1. Quick one: Thr207 ticks every box in (1) crowded, with 17+ Cβ neighbours inside 10 Å; (2) among the β-branched types (Val, Ile, Thr); (3) within 16 Å of ligand 1 (Cβ to nearest atom) except a single one, so which number is it?
2. Which members of the stretch 64-83 meet the condition of being of a type in the set (S, T, N, Q) and either closer than 22 Å to His175 by Cβ or surrounded by 14 or more Cβ atoms within 10 Å (Cβ to Cβ) (or both)?
3. Do we find a residue being modelled with pLDDT of 95 or more and either within 15 Å of ligand 3 (Cβ to nearest atom) or under 24 Å from Tyr260 (Cβ atoms) (or both) anywhere in the stretch 29-38?
4. Would you please name the residue that is nearest to Phe47 (Cα to Cα), looking only at residues in the stretch 223-251 that are of a type in the set (Val, Ile, Thr), more than 16 Å from ligand 4 (Cβ to nearest atom) and open to solvent by less than 40 Å² (accessible area, probe 1.4 Å)?
5. Tally the residues that are under 11 Å from Met165 (Cβ atoms) and not aliphatic (A, V, I, L, M), restricting the search to the stretch 112-126.
6. Which condition number in (1) away from ligand 1 (no atom under 13 Å from the Cβ); (2) within 20 Å of the chain's Cα centre (by Cα); (3) open to solvent by 10 Å² or more (accessible area, probe 1.4 Å) is the one that Val132 fails?
7. Look through Ala161, Ala97 and report the one residue that is within 21 Å of Gln193 (Cβ to Cβ), out of contact with any His (no Cβ under 7 Å at 6 or more places or on another chain) and hydrophobic (A, V, I, L, M, F, W, C).
8. Do you know which residues across the stretch 142-161 are surrounded by 15 or more Cβ atoms within 10 Å (Cβ to Cβ) and in contact with a strand residue (DSSP E or B) (Cβ under 8 Å, 6 or more places away or on another chain)?
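The values are calculated or read from the model by the stated rules, or taken from the named source; none is laboratory data. Since the model is a prediction, treat every value here as computed from it, not as a measurement. With ideal geometry, Cβ positions are generated from the backbone for all residues, glycine too; neighbour counts draw on all protein chains shown. Please note that ligands, DNA and RNA were not included when accessible areas were found on the heavy atoms of the full protein model with its side chains. Shrake-Rupley method; radii C 1.70, N 1.55, O 1.52, S 1.80 Å.
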Amino acid sequence: AKRNGGNQYRLYTDDMIALVQRDVRLEKHLRRSLEKNEWVLHYQPQFDIQSGRLIGAEALIRWNSEELGMVFPGDFITLSEQLGLINEIGRWVINEACVQGKRWEDLGWTDFVLSVNVSSRQLDEPYFVKNVQSILQSSGLEPSHLCLEITESMVVDKLHAARYMLDELVALGIHIALDDFGTGYSSLSVLRQLPISVIKIDRSFITDMENDHEGLSIVKTIVSMGHDLNKQIVAEGVETKAQLDLLLDIGCDKAQGYYYSKPLPLESMNELLERSGEL
Ligand code: C2E
Ligand code: CA
Ligand code: CA
Ligand code: CA
């Protein structure tokens with residue numbers, strides 16, 4: 001047991017050293033990733049549950065690092081925030097999404113909404129609204145084709161300021177979605193006080209839906225409350241036909257998840273749009 005303990009201890013510290021070294025390497029390469037043009041957007045298609053139509057996509061960043069390979073946002077967004085790089089990354093993401101959205105408009109995809117994740121640091125930027133406005137102008141994207149996704153934790157301790165800013169964004173004609181809905185402590189007051197038009201039910205609730213009566217009941221309640229409040233409801237992380245059937249029954253509006261498709265590189269997204277008759 002002692003020897004095991006010793007081995008485990010050594011393994012553990014090796015892991016920690018590897019982690020720290022990785023962080024240092026990450027940081028070094030991350031700082032250069034912008035000039036090296038290593039960021040790409042993947043697009044996870046979203047569907048209208050009732051009609052089955054392809055009605056939009058969520059843009060998700062990947063960092064295609066020369067040295068590290070494909071890095072997922074879970075491994076660099078927090079570090080980017082700490083390094084003060086997130087505002088630049090965030091601006092790049094919004095611009096890239098709007099430019100691509102405009103191409104899709106021109107190619108004939110109508111009635112779609114392209115969603116973009118925003119970090120709390122971006123909401124703190126004094127010129128955030130102006131930046132979004134100027135990106136909309138330079139790209140030429142119809143504002144109603146853009147949705148910004150925020151989470152309650154980003155706004156809960158500054159509802160007043162957030163409301164002011166989000167009102168300005170809504171006045172530009174774009175939509176605001178509340179991401180990961182239900183995972184925090186104050187989803188309801190955030191929903192009530194901010195100009196949110198889309199609720200994204202967190203994947204954990206969609207997973208639970210099949211397990212027991214309570215899980216299903218929670219999703220039902222979110223959908224019916226959301227509809228009473230005139231919100232669109234999107235189910236995240238739909239992985240099975242059974243989940244989709246339940247959502248269809250409940251009257252949920254839209255869904256995304258591995259059941260339909262993983263996030264796709266642009267070429268695959270375009271192929272899907274062609275197959276679906278949208279382009
Ligand atoms: P999120 O906004 O909640 O995005 C959903 C995440 O769930 C994505 O992971 C997506 O690939 C994954 N996913 C989608 N469908 C399924 C499914 O059916 N099952 C499972 N297990 N997972 C599914 P991803 O792309 O790794 O992104 C992780 C998080 O990183 C995002 O969570 C978002 O918070 C953040 N993120 C991604 N792109 C950006 C960005 O451009 N800017 C900022 N600030 N954050 C981003
Ligand atoms: Ca999201
Ligand atoms: Ca989410
Ligand atoms: Ca999330």
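1. Failing condition for Thr207: (1).
2. If the condition is that a residue be of a type in the set (S, T, N, Q) and either closer than 22 Å to His175 by Cβ or surrounded by 14 or more Cβ atoms within 10 Å (Cβ to Cβ) (or both), then Asn64, Ser65, Ser80 are the ones that fit.
3. no
4. Looking at the filtered set, the residue picked out is Ile233.
5. 4
6. (3)
7. Just a single option satisfies the conditions, and that option is Ala161.
8. His145, Leu146, Cys147, Leu148, Glu149, Ile150, Thr151, Glu152
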